[in-house]
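The values are calculated or read from the model by the stated rules, or taken from the named source; none is laboratory data. Just so it is clear, the model here is predicted, and its values are computed rather than measured. Cβ placement follows ideal geometry from the backbone for every residue including glycine, while neighbour counts extend to all protein chains displayed. Just the protein is used for accessible areas: all its heavy atoms, side chains included, with ligands, DNA and RNA removed. Shrake-Rupley method; radii C 1.70, N 1.55, O 1.52, S 1.80 Å.
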Amino acid sequence: MTDKSIKQMKRLYMTGSVIMVWLLLVLMPFQTVKAQERLQESDTQLVILLDCSQSMEDVDSQYVIPDFIKEISATAPESYRIGVVAFDEEICFALPLGSSYEEIEDALENVAYSRYGNAGDGLAEAVALLQDEDGNRKIMMISDGEIMMKREEETAESVQRFADAVNLAKEEKIVIDIVALGERVEEGGTIYAASDETGGEIHDFADSGELEGFLEQHLLDAWGIKRSHVGTMNGNSGELSIPLPDCSMERMKIYLLGNQENENLNVNVKAAKMHLLKGKNYTVIEIDRPESEDINIRMSSIETMDVMAYLSAQYHLQLSASSAYLPETGVTAFYVSVENPTGQNLLEGHLSDSRLKVFLNGKAHEYRIESGKIYLEEMIAESATVTLSIDPYDLFGDYYGDMSVTQQVVIPEPEEEPEQIDWFFWSVIGIFIVALFTVFFLAFRRKKTRPMRRKMIDDSRMMPRENVMQRNDFSGKIQVYVLHSRNDIDYPPESINLFARCNRDMITLEWVLDACNLPLQLQGAEKVIIRPGADKSLVIKNNSKASALMGRELLRKGHSYHLYYHQKVTFIFDQEDTEIEVHYKDLKPNER
């Protein structure tokens with residue numbers, strides 16, 4: 001490989017490194033913003049709007065709807081913040097977003113269907129709760145569909161307020177879903193247009209009795225709750241033994257959905273905490289950090305039960321990565337650990353069956369589980385920062401945390417191949433030397449055979465022999481500028497007076513940094529040699545792995561170069577990610 005090609009490769013490498021760093025600096029804020037947007041989109045604000053007018057008595061005589069609202073509060077994902085508004089002629093109560101299950105349960109205890117239905121004020125109140133919120137915003141309106149007040153002018157006012165609230169919801173991008181009970185009202189003021197105007201859905205039911213199963217069959221999927229069916233309980237008694245996939249989850253939920261009398265309920269499990277939420281058609285068992293290998297549930301009832309059981313889990317992930325360059329194959333091996341906040345290895349649980357998708361720089365990659373870590377290999381051409389990410393798929397749980405990690409890959413510079421010996425050239429040279437030596441030898445023999453002549457030598461014309469080599473001294477001063485350091489620490493420029501402080505034949509870059517009180521600890525700085533040269537110059541010889549540049553010229557390792565006044569040398573230490581400049585300057589008279 002020629003000197004010219006080596007210089008070209010160095011320039012390409014440095015240019016590529018600069019471009020890579022620039023792209024990372026530009027794209028990292030963009031990626032952070034995108035991640036924040038995805039986080040905001042995963043949060044959903046839901047306001048349940050309940051019609052408590054007298055006409056609701058005809059479609060919900062058994063008061064199933066309050067239990068249905070509590071069921072929604074108990075089963076909704078943690079990313080849902082729920083509020084509830086109830087109205088008849090006026091607002092009965094309004095619970096803000098983020099209300100707890102207990103607060104919603106207490107508010108619904110005193111619900112009674114009476115008086116007229118002022119849907120205009122009710123919807124306006126629901127929209128007001130969502131106006132200053134971010135993320136997905138929805139209203140679920142449960143009503144028999146009619147807007148009716150005592151007097152016609154009051155009804156007209158309520159209809160107009162309802163239309164205004166729908167328009168505001170449309171502007172705010174708030175979706176209105178309607179759970180319509182009973183036969184559709186064909187005359188007067190109605191609520192049905194609200195869903196079409198805002199992109200929502202209408203679900204029609206003859207009465208509240210048909211709501212049983214609606215959450216199980218529709219809402220759980222709409223909410224994106226991942227779950228697995230783990231059993232059924234029918235008749236007057238039932239028992240379930242549910243094996244757990246592992247004990248690494250932060251929280252698990254058991255949903256018992258369907259007609260049940262759950263006063264006689266027994267749950268046997270070892271865990272940090274357990275909480276029960278119970279209603280007429282649901283039981284939700286919340287378990288934090290389970291320690292048992294299974295959970296046993298027994299339930300008995302006077303009435304016939306028809307219960308479906310589902311298991312859902314939540315995992316919190318944190319990733320760490322390492323890499324190693326394999327010189328024998330030229331590939332880079334990556335190792336990724338997946339743990340929960342307590343340090344448990346999730347790859348030793350149900351994730352050990354390779355039910356993960358693994359990505360390298362956004363591209364799906366094959367992998368295997370090795371020694372409790374994700375292992376994969378990739379050919380990396382040069383040092384760079386790569387992103388490793390995972391995606392659990394087709395699983396029963398929800399996963400939280402940072403699903404990606406970055407890793408700095410360091411590729412060692414290829415060693416220079418030794419120059420091939422040109423045997424033909426050296427053979428010719430050898431033959432020439434032998435022939436020349438033969439000629440001189442023959443000439444010497446011939447000369448010895450001749451009689452010697454006396455020759456007078458004029459001793460005065462001979463130059464005296466120089467036994468001492470010429471010695472140069474240090475002069476001038478060195479100024480050191482730290483352009484970039486590994487820890488991004490700003491160092492002020494430092495200088496050293498070589499004329500006053502140096503009474504030696506050689507110094508190193510390491511000695512210069514120590515003399516300037518710069519605690520950089522650069523590997524290889526002791527191999528950068530500086531000697532005094534002729535004409536008050538400095539002779540620089542770089543024997544380290546650092547790159548040295550004088551202007552735009554890359555200095556070859558192991559070669560000596562002269563540095564004159566007002567010139568500089570730049571040293572780049574790749575492994576320490578440090579760049580310094582050494583300036584050589586003349587001394588002013590007052591500095592000597």
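So that you can scan it fast, the table gives a plain yes or no per residue for (1) within 30 Å of Glu378 (Cβ to Cβ); (2) out of contact with any strand residue (DSSP E or B) (no Cβ under 9 Å at 6 or more places or on another chain); (3) without any contact (Cβ under 8 Å) to a residue 12 or more places away in the chain; (4) of a type in the set (Ser, Thr, Tyr):
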site: Ile242; (1), (2), (3), (4): no, no, no, no
site: Pro245; (1), (2), (3), (4): no, no, no, no
site: Glu250; (1), (2), (3), (4): no, no, no, no
site: Ser312; (1), (2), (3), (4): no, no, no, yes
site: Tyr335; (1), (2), (3), (4): yes, no, no, yes
site: Asn340; (1), (2), (3), (4): yes, no, no, no
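For the range 446-504, the candidate set comprises residues that are within 16 Å of Ala515 (Cα to Cα) and at pLDDT below 85; within that set, the residue that is surrounded by the most Cβ atoms within 10 Å (Cβ to Cβ) is Cys502. Tallying residues that are among the hydrophobic types (A, V, I, L, M, F, W, C), crowded, with 18+ Cβ neighbours inside 10 Å and touching a residue at least 40 places away in the same chain (Cβ under 8 Å) within the range 526-543 yields 2. For the range 361-385, a residue qualifies if it is among the small types (Gly, Ala, Ser) and under 21 Å from Gln318 (Cβ atoms), and the qualifying residues are Gly362, Ser371, Gly372. Filtered by the rule that a residue be closer than 24 Å to Thr578 by Cβ and not in a helix (DSSP H, G or I), the range 498-512 gives Met506, Ile507, Thr508.
Only helices (runs of 4 or more DSSP H) wholly contained in the range 54-134 count here; list those with 3 or more residues that are farther than 30 Å from Ala156 by Cα.
By residue number, 64-75, 101-108.
Does Ala222 satisfy the condition of being hydrophobic (A, V, I, L, M, F, W, C), open to solvent by 10 Å² or more (accessible area, probe 1.4 Å) and either more than 29 Å from Arg184 (Cα to Cα) or at pLDDT below 95 (or both)? For Ala222, the condition - hydrophobic (A, V, I, L, M, F, W, C), open to solvent by 10 Å² or more (accessible area, probe 1.4 Å) and either more than 29 Å from Arg184 (Cα to Cα) or at pLDDT below 95 (or both) - is met.
Check whether at least one residue in the range 193-204 is open to solvent by less than 30 Å² (accessible area, probe 1.4 Å), within 23 Å of Met305 (Cα to Cα) and polar (S, T, N, Q), and report yes or no.
Checked against the condition, which is being open to solvent by less than 30 Å² (accessible area, probe 1.4 Å), within 23 Å of Met305 (Cα to Cα) and polar (S, T, N, Q), the range 193-204 yields no hits at all.
Scan the range 80-98 for residues that are crowded, with 18+ Cβ neighbours inside 10 Å and under 18 Å from Ile65 (Cα atoms) and the total you get is 10. Within the range 311-346, take every residue that is open to solvent by less than 20 Å² (accessible area, probe 1.4 Å) and assigned to a loop (DSSP other than H, G, I, E, B) and give me the one that is nearest to Gly224 (Cα to Cα). Residue satisfying both the conditions and the ranking: Asn340. Filter the range 544-584 down to residues that are open to solvent by 60 Å² or more (accessible area, probe 1.4 Å), part of a strand (DSSP E or B) and not acidic (Asp, Glu), then give me how many there are. Qualifying residue count, the range 544-584: 4.
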